[in-house]
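I have placed the structure first, in the form of structure tokens, so that the comments after it can refer back to it.
The values are calculated or read from the model by the stated rules, or taken from the named source; none is laboratory data. Every value quoted in this text rests on a predicted model; they were computed, and no experiment measured them. Glycine gets a Cβ as well: all are built from the backbone with ideal geometry, and neighbour counts include every protein chain shown. Surface accessibility is based on the protein's heavy atoms, side chains included, excluding ligands, DNA and RNA. Shrake-Rupley method; radii C 1.70, N 1.55, O 1.52, S 1.80 Å.
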Amino acid sequence: MTDIKDAQLTHFDHHVEEQQFPLVLLLDDVSDAANVGAIFRIADAFGIERLLLCGDTVVPPNRCITRTARTTDKIVSHQYCKDAVAALSALSAQGYHSIALELTQQSADIKMVDFGVLGKICLILGAEQTGVNARLLEIVGKTVHIPMRGQNSSMNVATACAVGVYEITRQL
């Protein structure tokens, strides 16, 4: 039998390094349950404080969310808020800096932002087809984008969330 030097670990070999970042993900009108489930899984993997599910975002309990989230929807702190603007205002009052993940004329390359100096952060993610709502873009503190190298100007919201959360938590 061949000795495998770098064999893949099993789920039971994984040892949790519990660390929670002062980062809230605000999902506004994310209507695809698979995307919401994937974002729950991302939130668990990166130690995100909580999710705010706003507007027409699909919410648990939902079989597709649970299946995609691999049950992280049962352990990641989350709440539903109908009005994303009100939810963002409440977070601002608690000292959170709001950052929209959206390509706009004024958005900054996500790699060029120093998230480490901001403290508590709320990252705003918008609808699959239309992005972050204009009413939220008007009140956020900063808008950032992921540089795109191909022909398309956007990526799936859960994929964009993973890239954004990785960069923010790497700096925190």
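Annotations for the structure displayed:
- Restricted to the range 1-99, the set of helices (runs of 4 or more DSSP H) holding at least 1 residues that are farther than 21 Å from Val157 by Cα and open to solvent by less than 30 Å² (accessible area, probe 1.4 Å) comprises 84-93.
- Looking at Leu103, Leu172, just one residue is surrounded by fewer than 18 Cβ atoms within 10 Å (Cβ to Cβ), more than 18 Å from Asn35 (Cα to Cα) and touching a His at 6+ places or on another chain (Cβ under 7 Å), and that residue is Leu103.
- Hits in the range 4-35 (condition: closer than 27 Å to Thr57 by Cα and either in contact with a Lys or Arg (Cβ under 6 Å, 6 or more places away or on another chain) or of a type in the set (Asp, Glu) (or both)): Pro22, Val24, Asp28, Asp29, Asp32
- Tyr96 being modelled with pLDDT of 95 or more and either touching a Gly at 6+ places or on another chain (Cβ under 8 Å) or under 16 Å from Ile121 (Cα atoms) (or both): yes
- Residue check, Glu138 of a type outside the set (A, V, I, L, M), open to solvent by 50 Å² or more (accessible area, probe 1.4 Å) and within 17 Å of the chain's Cα centre (by Cα): no
- Residues being more than 21 Å from Leu137 (Cα to Cα) and in contact (Cβ under 8 Å) with a residue 24 or more places away in the chain - total across the range 51-62: 2
- Where a residue in the range 1-18 is of a type in the set (Asp, Glu) and its partner, wherever it lies, is at pLDDT 75 or above and open to solvent by less than 100 Å² (accessible area, probe 1.4 Å), with Cβ under 9 Å and at least six apart: Glu17/Gly47; Glu18/Gly47
- Single residue of the range 100-139 satisfying the filter (among the acidic types (Asp, Glu) and either touching a Phe, Trp or Tyr at 6+ places or on another chain (Cβ under 7 Å) or in a loop (DSSP other than H, G, I, E, B) (or both)) that is nearest to Leu23 (Cα to Cα): Asp114
- Residues (in contact with a helix residue (DSSP H, G or I) (Cβ under 6 Å, 6 or more places away or on another chain), more than 15 Å from Ala160 (Cβ to Cβ) and of a type outside the set (A, V, I, L, M)) located in the range 18-42: Phe21, Gly37, Phe40
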